[in-house]
Amino acid sequence: MEEAAAAAEAVVVTPGEVLGKASQVRAGRGAYVAPHNNLVYASLTGFRRTLSPPPNSPDQRPTVEVTGHKAHGAVPEPGSVVIARVTRVTARVASADIMCVGPKSVREKFTGSIRQQDVRATEIDKVDMHLSFRPGDIIRAVVLSLGDARAYYLSTAKNELGVVSAESTAGETMVPISWTEMQCPLTGQIEQRKVAKVGG
Amino acid sequence: MEFVSPEGLRLDGRRPMEMRQIRAEIGAVAKADGSAVFEMGNTKVIAAVYGPREVQNRTQQINDQALVRCEYSMANFSTGDRMRKPKGDRRSTEISLVIRQTMEACILTHLMPRSQIDIFVQVLQADGGTRSACINAATLALADAGIPMRDLVTSCSSGYLNSTPLLDLNYVEDSAGGPDVTVGFLPKLDKVTLLQMDSKLPIDIFENVMQLAIEGCKAIANYIREIMLENTKQLEYRRGI
């Protein structure tokens, strides 16, 4: 049984090859179900892998997926944590360029926007955007949704989300001193940001 | 003019049901996300695929699926006489549209909303059957780019000269003015996605000619599959698996 599973892992499939019946296997990444005959076909070229289902799910079918050799750039999905650089701050919205999705950097940058009500969890109508972000800040945010045609909607309304790194007006990287303030080590000047809680 | 001799040989020495020699190579354009060179006899075509990437023209963005764009062009040196205007003429625009529709039907566009897939095909040497060679090259390039597809689209042309169905017409046979049927086929799903014909044919003979082209498509599909498996094995070997 284990040899059969190991041998199945070395099989290379091409698009259009039948991987199984939809009643017996579930289509994962790189596979799709044809509606007219309920068969699971491969949609990529690569190695065919069978994953066992999680033990307490109602659907006990194994998942079959095909892993291709071309690595695609990461794309933000709702719920994923992203690292972005703030580009523009207005009274209602801050725009940022998403550079990393999770641990992977993106191939081409995506635009995200943080609305005033998504900056923090408490007193959301009293938020001053200019005291939360400045252009050039690196922020950690979570993707709320695909947003509108222009940008993804991001949120920093959690303790561990917000500004992780910022430069002071003097040009030095600032040190966080509270969840609303960061201090420049060179001049001692304190600037207001929505700071992310990094570490334990 | 005699296109099939009494012994049953065509002008280039092939039998009526014989296809020209095919050769394919994956990964010819390093900068593209996927690329392939496809040769059918003397017809040589190179395809490059870019995508999925962000849509460049926001007005053309589709919210629930990917936008597929295709451009077909012939190199100036591809035909016997040096061509003046390789792109933008009516034939190129029509073939671009045909290739785009064929590939779009096969790509799982709903998996990549708001993105764009560009397919560029250029004919390096034209000797009949450029449309088919372009579709085959585009299939290989899309598979190389890792773009999810329903099946491999393969294409082959067939004609009817001297009362004989002929498979895979070359330029001389194509310009004879007889019927020229181009078929785009999904081999594993057993479906025809492209069917074009020039000139006229009675319906029963048309069925034979179309069936012959479909057999040609199946043979090309087997070859393409072998090439892709070989390419994957090479890549895995280089990665040390």
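Given segment A:145-200, what strands (runs of 3 or more DSSP E) lie entirely inside it while holding 2 or more residues that are over 30 Å from B:Val55 (Cα atoms)? Spell out the reasoning first.
Details: elements: A:152-155, A:162-165, A:181-183, A:190-192.
Fully inside segment A:145-200 and qualifying: A:162-165, A:181-183, A:190-192.
Looking only at segment B:138-149, filter to residues that are under 16 Å from the mean Cα position of the chain (by Cα) and facing chain A (nearest Cβ under 7 Å); which one of those is nearest to B:Phe206 (Cα to Cα)?
B:Met149
Looking at (1) within 14 Å of another protein chain (Cβ to nearest Cβ); (2) exposed (fewer than 15 other Cβ atoms within 10 Å of the Cβ), which is the one condition that is false for B:Gly8?
For B:Gly8, the exception is condition (1).
If a residue must be more than 26 Å from B:Glu230 (Cα to Cα), within 28 Å of the chain's Cα centre (by Cα) and facing another protein chain (nearest Cβ under 9 Å), how many such residues does segment A:22-68 contain?
Final tally of qualifying residues: 0.
Hey, A:Ala10 hits all of (1) surrounded by 13 or more Cβ atoms within 10 Å (Cβ to Cβ); (2) modelled with pLDDT under 90 but one; which does it fall short on?
Among (1) surrounded by 13 or more Cβ atoms within 10 Å (Cβ to Cβ); (2) modelled with pLDDT under 90, the lone unmet condition for A:Ala10 is (1).
Residues of segment A:100-141 being farther than 18 Å from A:Thr87 by Cβ and among the charged types (D, E, K, R), which ones?
Selection gives A:Lys104, A:Arg107, A:Arg120, A:Glu123, A:Asp125, A:Lys126, A:Asp128.
For segment A:95-112, enumerate the residues that are more than 13 Å from chain B (Cβ to nearest Cβ) and either in contact with a Lys or Arg (Cβ under 7 Å, 6 or more places away or on another chain) or touching a residue at least 60 places away in the same chain (Cβ under 8 Å) (or both).
A:Ser95, A:Ala96, A:Met99
Can you tell me which residue in segment A:133-171 is nearest to A:Cys184 (Cα to Cα), limited to those that are touching a helix residue (DSSP H, G or I) at 6+ places or on another chain (Cβ under 9 Å) and of a type in the set (Ser, Thr, Tyr)?
Step by step, filter segment A:133-171, then rank; the result is A:Thr156.
Could you run through segment B:63-76 and say how many residues are buried (at least 16 other Cβ atoms within 10 Å of the Cβ) and under 19 Å from B:Pro148 (Cβ atoms)?
Number of matching residues: 6.
Check off (1) β-branched (Val, Ile, Thr); (2) modelled with pLDDT of 85 or more; (3) outside any strand (DSSP E or B) for A:Val40 and give me the number that stays unchecked.
Evaluating A:Val40 over (1) β-branched (Val, Ile, Thr); (2) modelled with pLDDT of 85 or more; (3) outside any strand (DSSP E or B) leaves (3) as the failure.
Give me the strands (runs of 3 or more DSSP E) completely within segment B:150-241, filtered to those with at least 2 residues that are within 13 Å of chain A (Cβ to nearest Cβ), ordered by residue number.
Correct list: B:180-186, B:191-198.
Name the one entry in B:Lys31, B:Lys87 that is out of contact with any Leu (no Cβ under 9 Å at 6 or more places or on another chain), closer than 24 Å to B:Asn136 by Cβ, within 14 Å of another protein chain (Cβ to nearest Cβ) and among the basic types (Lys, Arg). Step through it out loud before you land on a result.
Values: B:Lys87 fails: within 14 Å of another protein chain (Cβ to nearest Cβ).
Answer to the check: B:Lys31.
Scan (1) touching a residue at least 24 places away in the same chain (Cβ under 8 Å); (2) surrounded by fewer than 24 Cβ atoms within 10 Å (Cβ to Cβ) for the single condition B:Leu140 breaks and write down its number.
(2)
Considering only segment B:1-120, give the strands (runs of 3 or more DSSP E) lying wholly within it that have at least 2 residues that are touching a residue at least 40 places away in the same chain (Cβ under 8 Å), under 16 Å from the mean Cα position of the chain (by Cα) and farther than 26 Å from B:Asp190 by Cα.
Details: elements: B:22-26, B:34-40, B:43-54, B:67-74.
Where strands (runs of 3 or more DSSP E) fall fully within segment B:1-120 and carry at least 2 residues being touching a residue at least 40 places away in the same chain (Cβ under 8 Å), under 16 Å from the mean Cα position of the chain (by Cα) and farther than 26 Å from B:Asp190 by Cα, they are B:43-54, B:67-74.
The values are calculated or read from the model by the stated rules, or taken from the named source; none is laboratory data. What you see is a predicted model, and the numbers here were worked out from it, not measured in a lab. No Cβ is skipped: glycine too gets one built from the backbone with ideal geometry, and neighbour counts run over all protein chains shown.
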